[in-house]
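This report concerns only the one structure given below.
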Amino acid sequence: MKVYLDNAATTPVDPEVLAVMMPFFKEKFGNPSSVHYQGQEAKIALDRARVEVADFFRVEPEEIIFTSGATESVNLAHKGLIETFQKSRVPACQAEKPHIVTTSIEHKAVLETCRHLEKLGWAEVTYLPVDRFGLVRAEAVERAIKPNTVLISVMYVNNEVGTIQPIKKIGDFVKKINLSRPASGAPRIFFHTDATQAIQYLNCDVSELGIDLLSLTGHKFYAPKGVGLLLVKSGISLVRQQDGGGQDHGRRAGTENVAFIAGLAEALKQRAAGKEQEAKRVKELRDRLAEGILKKISGVVLTGHPEKRAPHIASFTIRGVEGEAVLMYLADEGIAASSGSACAAGDLNPSHVLLAMGVKPELAHGSLRFSLGKKTTIREIDYVLSVLPEIVVKLRKMAPK
Ligand SMILES: Cc1ncc(COP(=O)(O)O)c(C=O)c1O
């Protein structure tokens, strides 16, 4: 039996998404910047996709920038914004560098971008700690704000442990603080969230949540790899990070990937239909898996928040085994899972997320993540429950005392 439980790493392209994309590789191959018929046909498709995506988020089409994925979106959001502040003559920023508040459990896309800005000397960054469930307190984010804070970047759902962060609370106080900022001369604070693991199942209404910038990548929700978007609320100016042509209103140079963008728009539409029902179904399967594992295997701890967690992620530490070894044995049984982030696969250091949550390094080496998707069935879950306990017993017997 083949069981794919690594949907947080990537998902297959939906047949409906592929069908929408196909014409743009063949008869509708035009460059949307060309004035002729083929070009205009592609431009119409691009504009339509932008409107559809904007409708999904209930924003204006001009507030969507298509990118190659969440990594690029995050880079553009952080570097673009900080560069704007570097260039501007906001008095508070002349004395001090612009300040970013983020968390220690962000995806590397955010952490490395922040470190890069620190190295350049362009920004000062606060990396907030999290509790043992991987949760950052909204109050701690608020307390970290300084007069030179210009950006708060907190991921919506952690990709390794599934913990949902208090996005609305943060958005609400950012709105409130911004109301009083002009009087003090301090710059406005912008709120960015990496919604990559949230988009399928959680509310992503940016106005309701108070989000100014949102990043995501298509391949986590059945669109292809290599396409994503950055949502930027109007009035926010970002220095573009790719120089070249004037595409995307001068905000991102390079010929638009029309086929993939059309696919991304279709994938969002597909996910929006029946979202709550699917979230409920996946959550029930995830709970069956988590409860089964905790019952059948000793020395296992569920990592992440027990309730505030995305429906599709079940993650654990298993005492006395190496996560990578469990993965290999699972693969032999036809089961695909992960030891955490796909980007860190092959990296023998324990996960920065688990360490930030206070998990001891020796235990963090025994991490295992199952991430469910729209094709996951109860039969598959029960199959995992039937093979995993034996694998753990075998590996524990083999482990040096
Ligand atoms: C939370 C999160 N952010 C960002 C990314 C980066 O996405 P991409 O590699 O498609 O740019 C990922 C993918 O693993 C992710 O899970």
Quiz item: Got a sec? Charge dipole of segment 15-272, +1 on Cβ for Lys and Arg, -1 for Asp and Glu; which of Ser73, Gly228, Thr126 is way out at the positive end?
Solution: Thr126
Quiz item: What is the gain in length, in nm to one decimal, between His249 and Glu291 on full extension, counting 0.36 nm per residue of separation less the C-alpha to C-alpha distance?
Solution: 10.1 nm
Practice problem: Set Lys and Arg Cβ to +1 and Asp and Glu Cβ to -1, take the dipole of segment 15-272 about its Cα centre, and tell me which of Pro182, Pro15, Ile167 lies farthest positive. | Solution: Pro182
Quiz item: Taking 0.36 nm per intervening residue step and subtracting the Cα-Cα distance, what contour gain separates Ser207 from Glu112 on full extension?
Solution: 31.4 nm
Exercise. Can you grab the distance from the C-alpha centre of segment 232-308 to the C-alpha centre of segment 112-181, Å, no decimals?
Key: 19 Å
Quiz item: When ligands, DNA and RNA are left out and all protein chains stay put, how many square angstrom of accessible area per residue does the chain have with a 1.4 Å probe?
Solution: 44 Å²
Exercise. Mind running the shape call on the chain? Use the C-alpha gyration tensor, a ≥ b ≥ c as the square roots of the eigenvalues: rounded below 1.5 for a/c, prolate if a/b tops b/c, oblate otherwise.
Key: oblate
Exercise. Using a Förster distance of 51 angstrom, determine the FRET efficiency expected from the C-beta separation of Arg188 and Ala19, and round it to 0.05.
Key: 0.75
Quiz item: Counting only DSSP beta bridges with both residues in segment 15-272, what percent are antiparallel, rounded to the nearest 5?
Solution: 40 percent
Exercise. Would you pull out the residues with amide H under 5 Å of Arg309's amide H, same chain only if 5 or more places away, H placed 1.01 Å from N?
Key: Ile164
Quiz item: Sorted by average packing, counted as other Cβ atoms within 10 angstrom per residue and highest first, what order do 115-121, 262-268, 102-108, 301-307 take?
Solution: 262-268, 102-108, 301-307, 115-121
Quiz prompt | Label-point separation, Val35 to Glu139 (7 Å along Cα→Cβ), nm | solution = 6.3 nm
Exercise. Any of Lys176/Lys269; Lys43/Lys176; Lys43/Lys87; Lys108/Lys280; Lys2/Lys283; Lys169/Lys375 with alpha carbons more than 31 Å apart? Name them for me.
Key: Lys176/Lys269; Lys43/Lys176; Lys43/Lys87; Lys169/Lys375
Exercise. Take each complete run of DSSP H in the chain, measure how far its Cα atoms stretch along the helix's own axis, and keep only those covering 27 Å or more with mean Kyte-Doolittle hydropathy at least -1.0; list them.
Key: 37-57, 378-398
Practice problem: Quick one: dipole size for segment 15-272, taken about the Cα centre, charges +1 on Lys/Arg Cβ and -1 on Asp/Glu Cβ, in debye to the nearest 20. | Solution: 480 debye
Practice problem: With a point put 7 Å past each Cα toward its Cβ, work out how far Asp332 is from Lys146 in nm, to one decimal. | Solution: 5.3 nm
Quiz item: By per-residue mean of other Cβ atoms within 10 Å, what is the highest-first order of 379-385, 215-221?
Solution: 215-221, 379-385
Self-check item: Pairwise label distance in nanometres, Ser237 with Glu390, each label 7 Å out on the Cα-Cβ vector
Solution: 6.6 nm
Quiz item: Roughly how many percent of the accessible protein surface of the chain is carbon and sulfur, given a 1.4 Å probe and a whole-percent answer?
Solution: 56 percent
Quiz item: What length, rounded to one decimal in nm, is gained on full extension from Asp131 through to Val301, with 0.36 nm per residue of separation minus their alpha-carbon distance?
Solution: 59.7 nm
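The values are calculated or read from the model by the stated rules, or taken from the named source; none is laboratory data. Please read all numbers here as calculations on a predicted model, not as lab measurements. Heads up, the Cβs are rebuilt from the backbone with ideal geometry, glycines too, and the neighbour counts pull from every protein chain shown. Quick note on the areas: whole protein, heavy atoms, side chains included, nothing else; ligands and nucleic acids left out. Shrake-Rupley method; radii C 1.70, N 1.55, O 1.52, S 1.80 Å.
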